[in-house]
1. For region 120-135, state whether one or more residues are in contact with a helix residue (DSSP H, G or I) (Cβ under 6 Å, 6 or more places away or on another chain), among the hydrophobic types (A, V, I, L, M, F, W, C), away from ligand 2 (no atom under 16 Å from the Cβ) and at pLDDT below 95.
2. If you go through region 39-94, how many residues are within 16 Å of ligand 2 (Cβ to nearest atom) and either part of a helix (DSSP H, G or I) or small (Gly, Ala, Ser) (or both)?
3. Please go through region 218-262 and pick out each residue that is buried (at least 18 other Cβ atoms within 10 Å of the Cβ), farther than 18 Å from Arg32 by Cβ and of a type in the set (Asp, Glu).
4. If only one of Glu108, Glu126 is among the acidic types (Asp, Glu), assigned to a helix (DSSP H, G or I) and farther than 16 Å from Lys76 by Cβ, which one is it?
5. If you check Phe231, Phe250, which single one turns out to be of a type in the set (Phe, Trp, Tyr), within 30 Å of Ile93 (Cα to Cα), within 16 Å of ligand 1 (Cβ to nearest atom) and touching a helix residue (DSSP H, G or I) at 6+ places or on another chain (Cβ under 7 Å)?
6. Tell me which residues, restricted to region 268-285, are hydrophobic (A, V, I, L, M, F, W, C) and either surrounded by 20 or more Cβ atoms within 10 Å (Cβ to Cβ) or under 18 Å from the mean Cα position of the chain (by Cα) (or both).
7. Output the residues belonging to region 180-217 that are in contact with a helix residue (DSSP H, G or I) (Cβ under 6 Å, 6 or more places away or on another chain), buried (at least 19 other Cβ atoms within 10 Å of the Cβ) and more than 25 Å from Pro260 (Cα to Cα).
Amino acid sequence: MNKHPCTPPAPGDNIAALLTPALVVDLDAMQRNLQRMADFARQHRLRLRPHAKMHKCAAIAKLQIAAGAVGVCVQKLSEAEALAAAGITDLFISNEVIDPAKLTRVAELAGRVTLAIAVDSKLGVERLALAMQSAGSQIDVFVEVDVGQGRCGVAPTAAGALAQQVVAHASAGLRFAGLQAYHGRAQHLRSAAEREAAIHHAASLARAAQATVTAAGIHCPLVTGAGTGSFTFEAASGLWGELQAGSYLFMDRDYAENQPAPGAPVFEQALFIKSQVISRGEAHAVVDAGHKTYAIDSGLPTVWQRSDLTVTNGGDEHGILHPAPHASADVLPQLGDIVWLVPGHCDPTVNLHDHLVAVRGGLSDGVVETVWAVDARGCVS
Ligand code: PLP
Ligand code: MN
């Protein structure tokens, strides 16, 4: 790893020595989250394949696998390659790849690790088969079904025909592995009842898709999907056999605003931005973390456990703190004070950083236990 002035502190350093802004993981909270999801999957006899697009970090994927995950999902080929290079051996690209040059690399990767991929077109299957044929390796293929998001995926009625295409290319190394049924838009519907209704509808579409596969004389081994906002409902459906939730491990402000689902495990905030006040006005304070440090697609961060402070957009490198409407200016931090921010959205926030600083013993007096590289940072192709 290149040494540059932003190189984080070494294991054993007190958290106070960590220069700002920095992306920090509360290891105690993360490990409780990790265990709660692993326990949930085990109790419901479901496979867990967490989405690694969230942390993009092989060391964390290994912890998830050690706790019972069958492997991890990624969203992009380059992300799969980066995690494979760092030792992950079971990967599912839960997304479509259509470029023949990329599919050549998919086929090469399938020769080195256990690999799965999603498809939603005849052309995609044909190109995948062509690439796999010359590589001589095997790949698990999930037919993606659009279960309500209106993003990728075939209509439920078309799933059987596409599964037939996959089966027709068995000699090229394609194995029909089942259906991918993921409803992204359901994840942040605020009320648990709305999310339950969305997944109930998704289940009916996925069942219809499965019926077309069965009617084509093809066994459907698995339905995979689900995210942090909805996985209890997929689990209750009896249809999904594998959960792909990712954000549960770190959480973010957007997920914290969801009304919890009944009986769902509690996930704690484990991802933080350590920032520092670098300027003070009469009625505002400015921290050294802007949207080069945290993603703002899901809204601005909040200040951890400080409902008396609000954050407004200060641009690339600054965040502006104001007293909340009910609070006075006295609550504002002083110059040099440390301010812990909770990012609005964990996945794109992590992708802004080279390192995750993992701290044991809490934010106020913890110790850096390890520093993880964000191995697949920037791997968006
Ligand atoms: N599965 C797929 C296909 C996804 O795109 C995502 C996230 O966008 C997830 C699973 C994980 O969702 P979350 O991070 O909200 O738990
Ligand atoms: Mn996300």
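The values are calculated or read from the model by the stated rules, or taken from the named source; none is laboratory data. These numbers come from a predicted model, not from an experiment. Quick reminder, even Gly has a Cβ in these numbers, built from the backbone with ideal geometry, and neighbours come from all protein chains shown.
1. Yes: one or more hits.
2. 4
3. Glu234, Glu242, Asp254
4. The conditions single out Glu126.
5. Sole residue among the options that is of a type in the set (Phe, Trp, Tyr), within 30 Å of Ile93 (Cα to Cα), within 16 Å of ligand 1 (Cβ to nearest atom) and touching a helix residue (DSSP H, G or I) at 6+ places or on another chain (Cβ under 7 Å): Phe250.
6. Ala270, Leu271, Phe272, Ile273, Val277, Ala285 - these are the residues of region 268-285 that are hydrophobic (A, V, I, L, M, F, W, C) and either surrounded by 20 or more Cβ atoms within 10 Å (Cβ to Cβ) or under 18 Å from the mean Cα position of the chain (by Cα) (or both).
7. Selection gives Ala209, Thr212, Val213.
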